[in-house]
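Reviewing the structure listed below.
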């Protein structure tokens, strides 16, 4: 949401919904417009908010008051250190959130490594602000509860040492339970570390992939502005701008779809669709665009009508065709096939490339995983197969992956298996 907007989050609770003491938040940013906007949004969420636009105000407020939450711009410095670092020194119990721009993404990552709970990109989306703020305050409350619980356990242990043998056996049982919880906590911490590492890889991947189409857009747009440029050349440059903008738009769409899949918010709009015609239309589009590959299609003479989300099935099939184009041999054919067996429909896309190494076969449908290849010109976000697999599973089907029977070097075959009946609404 652009800076200055203040729309209410659907379902967000009012101030009275905060149990006990109202949370206090400090927002530190040299941009007064950002301060006013974020301040208004957090006040609507029921928080007590203090604003600071300079280093002196930041130090004074942190010294005078206790804050539950500190949101600070990564570029705002206090005595040579960042405002977030100053908050960590003066208010170590406060949960810190970094505010950053896309041009200063590295500073947000540094803030995370320094102990910040999370970061928000400016201009800040109101819903994302609300969710991040609530997650931060919930974690702070959980930490308080955990500290209180530890204190209670320590007091209970001291009391138990003064009782009889029966109570000592209870202490032993409680110790065993505590050890189990410690193991669970260690496992949860490991999962958290793994998630954070994946998140950092994701940020790096997004930055790298977006620079791919952005750089040509900027360059061609600058060239097209030259007054001496003839009309045909300007049209050529603008075509390149549009092509790279569409590529960027597809990347954004993939990121949104992957996010919904990961968050369990992926939904289907099911309707009757002739998937045989859908695949035929896609193959025809690829034939027209990818001249250097030969495409074949094997399909039944009759329509193959099933209840699916046609847009999602089209997206999944396009991902498989894109994947085949990337990894097939320069003069290799790409074979598409669709058929029906009893209550299931299959869409198969095969190529004649290098195939898939056995040690990577199970991992290629994970997010941000790309097949290791010697081809330096193969690009992509690593989300295509993850999204395709998610679409198949949302329909109650699956994505099957194998190499050709003759030899791995003769290419791979990806098969989308879909049930021919209506999936359960919970999908």
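The values are calculated or read from the model by the stated rules, or taken from the named source; none is laboratory data. Note that the structure is predicted; figures quoted are calculated from it, not measured. FYI the Cβ positions are ideal-geometry reconstructions off the backbone, even for glycines, and counts take in every protein chain you see.
Residue by residue, here is whether (1) farther than 16 Å from residue 199 by Cβ; (2) at pLDDT 85 or above; (3) assigned by TED's automatic domain parsing to the domain that holds residue 24 holds:
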| site | (1), (2), (3) |
| --- | --- |
| 85 | yes, yes, yes |
| 99 | yes, yes, yes |
| 106 | no, yes, yes |
| 143 | yes, no, no |
| 147 | yes, no, no |
| 176 | yes, yes, no |
| 182 | yes, yes, no |
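Only a single criterion out of (1) in contact with a strand residue (DSSP E or B) (Cβ under 8 Å, 6 or more places away or on another chain); (2) touching a residue at least 12 places away in the same chain (Cβ under 8 Å) is not satisfied by residue 127, namely (1). Taken together, the residues in segment 31-55 that are in a helix (DSSP H, G or I) and more than 22 Å from residue 115 (Cβ to Cβ) amount to 11. Of all residues in segment 279-301, those satisfying the criterion of being in contact with a helix residue (DSSP H, G or I) (Cβ under 8 Å, 6 or more places away or on another chain) and not in a strand (DSSP E or B) are 279, 282, 283, 286, 290, 293, 299, 300. From the list 307, 276, 316, 336, the one residue that fits, being over 21 Å from the mean Cα position of the chain (by Cα) and in a helix (DSSP H, G or I), is 276. Being in contact with a strand residue (DSSP E or B) (Cβ under 7 Å, 6 or more places away or on another chain), assigned to a helix (DSSP H, G or I) and without any contact (Cβ under 8 Å) to a residue 40 or more places away in the chain is true of residue 321. Given the criteria within 20 Å of the chain's Cα centre (by Cα), outside the structural domain of residue 71 (by TED's automatic domain parsing) and surrounded by 10 or more Cβ atoms within 10 Å (Cβ to Cβ), does residue 192 qualify? It is true that residue 192 is within 20 Å of the chain's Cα centre (by Cα), outside the structural domain of residue 71 (by TED's automatic domain parsing) and surrounded by 10 or more Cβ atoms within 10 Å (Cβ to Cβ).
The residues on offer are 150, 163, 171, and the sole one that is without any contact (Cβ under 8 Å) to a residue 12 or more places away in the chain and part of a helix (DSSP H, G or I) is 150. For segment 101-116, how many residues are more than 17 Å from residue 29 (Cβ to Cβ) and free of Cβ contacts under 8 Å to residues at least 40 places away in the same chain? Summing the residues that are more than 17 Å from residue 29 (Cβ to Cβ) and free of Cβ contacts under 8 Å to residues at least 40 places away in the same chain in segment 101-116 gives 5. In segment 253-269, the count of residues that are outside any helix (DSSP H, G or I) and either at pLDDT 85 or above or over 26 Å from residue 316 (Cα atoms) (or both) is one or more. Across segment 56-90, the qualifying residues are those that are touching a residue at least 60 places away in the same chain (Cβ under 8 Å) and not in a strand (DSSP E or B), and the one among them that is surrounded by the most Cβ atoms within 10 Å (Cβ to Cβ) is 87.
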